[in-house]
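Worksheet for the structure shown next.
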Amino acid sequence: MAEQKKTRSVIKREAIITGALAAFQQYGVADSSMDKIAELAQVSKRTVYNHFESKEVLVAEIITSEWEKRTVVYDALYDANKDIKSQLTALVANEVELMCDSAMMELVRVAMAHFLFAPDTLQHQMAKMFEQETALQRWLKLAMADGKLKTLDVNFAHDQIKGLLKSRAFWPQLLRQQEPLTANEKTELVDMTVGMFLSYYQA
């Protein structure tokens, strides 16, 4: 009986997330109320609140899920037989595409606006997300172990790469100071970042 209730709960949770994504696409994140989300998910408003205490917590859940899918479980295993520049370029390009995703950007704006005043549950959820090892961090560890990179602090090196990318492809767009990068600008940013990183860290 408990197993059946758990299954129903998972199904409803997935329906809420699907409904939220549909609402965000139709109305925009800011204008999507919990009522609209419940309607599109075909569940009661009370059910939505039973799973997510606020729209901001729901947004954080979606961000976490998408971030995990595209950076944590991203299939990019280190290959000792392949050129490290091409491998790192693919990983960095994946990071840039996630940062430049317009739907994700809108979700992040809502979460960030709420984050300064967030309850502990939301802060904990976001902190937990960043504690997970990404595909890029795993790759850096293996490339270093294989002698292709100098001895480095993986977390620090990872943050250096992310910092270079976010300064061009994330923060200016999040704050609406610049337009999203063009395809050529993305390629240029990836090439520049990989080149700068390997010029210092390549063994």
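Exposed loop sites are taken as trypsin sites (Lys or Arg not before Pro) in a DSSP loop (any state but H, G, I, E or B) with at most 16 other beta carbon atoms within 10 Å; the longest stretch of the chain without one runs 1-81.
Comparing Cα centroids, the stretch 63-105 and the stretch 122-199 end up 9 angstrom apart. Along the stretch 84-100 the Karplus relation, 6.51 cos²θ - 1.76 cosθ + 1.60 evaluated at θ = phi - 60°, assigns HN-Hα couplings of 5, 5, 5, 5, 5, 4, 5, 5, 5, 4, 5, 4, 5, 4, 5, 4, 8 Hz to successive residues, with x for each Gly and Pro.
Computed from the Cβ-Cβ distance with R0 of 25 Å, the FRET efficiency linking Q25 to A76 stands at 0.35. If you take all other residues with their beta carbon under 11 Å from the beta carbon of D35, and give Lys and Arg +1 and Asp and Glu -1, the sum is +2. In a shell of Cβ-Cβ distance under 11 Å around K85, excluding K85 itself, what net charge do Lys and Arg (+1) and Asp and Glu (-1) give? Residues near K85 contribute 0 overall. A straight chain from N184 to T18 at 0.36 nm per residue would run longer than the Cα-Cα distance by 56.5 nm. Count Lys and Arg as plus one, Asp and Glu as minus one, and take only other residues whose Cβ is under 13 Å from that of A111; the net charge is then -2.
A crude spin-label estimate for the pair D153 and L174, with each label 7 Å from Cα along the Cβ direction, gives 2.1 nm. Comparing M104, F156, L58 along the charge dipole axis of the chain, the residue lying farthest to the positive side is L58, per the Cβ-charge model. Relative to the longest principal axis of the Cα atoms of the chain, helix 183-201 runs at roughly 50 degrees.
What part of the accessible area of the chain, given as a whole %, is carbon or sulfur when the probe is 1.4 angstrom? Whole-percent figure for carbon plus sulfur exposure: 53.
Rolling a 1.4 Å probe across the protein heavy atoms gives the stretch 8-151 an accessible surface of 55 Å² per residue. So for the stretch 70-154, considering every pair of alpha-carbon atoms, how many percent are separated by more than 18 Å? Across the stretch 70-154, Cα pairs with separations above 18 Å total 56 percent. Rounded to the nearest 10 degrees, the inclination of helix 102-115 to the longest alpha-carbon principal axis of the chain is 70 degrees. The tail of the calculated P(r) for the chain beyond 28 Å holds 37 percent of all Cα-Cα pairs. Residues whose amide H lies under 5 Å from that of L149, counting only those 5 or more places away or on a different chain, are M144, A203; hydrogens are built 1.01 Å from N in the peptide plane. Distance cut-off 29 Å, Cα to Cα: go down the list K55/K186; K82/K166; K128/K148; K69/K166; K82/K150; K36/K166 and report the pairs above it. Where the Cα-Cα span goes over 29 Å, the pairs concerned are K55/K186; K128/K148; K36/K166.
Assuming charge only on the beta carbon of Lys and Arg (+1) and of Asp and Glu (-1), the dipole of the chain about its Cα centre is about 380 debye to the nearest 20.
The values are calculated or read from the model by the stated rules, or taken from the named source; none is laboratory data. Given the structure is predicted, the values throughout are model-derived calculations rather than measurements. When we count neighbours, we look across all protein chains shown, and the Cβ atoms used for this are built from the backbone with ideal geometry, even at glycine. Remember, those area values only see protein heavy atoms, side chains included, never the ligands or the DNA or RNA. Shrake-Rupley method; radii C 1.70, N 1.55, O 1.52, S 1.80 Å.
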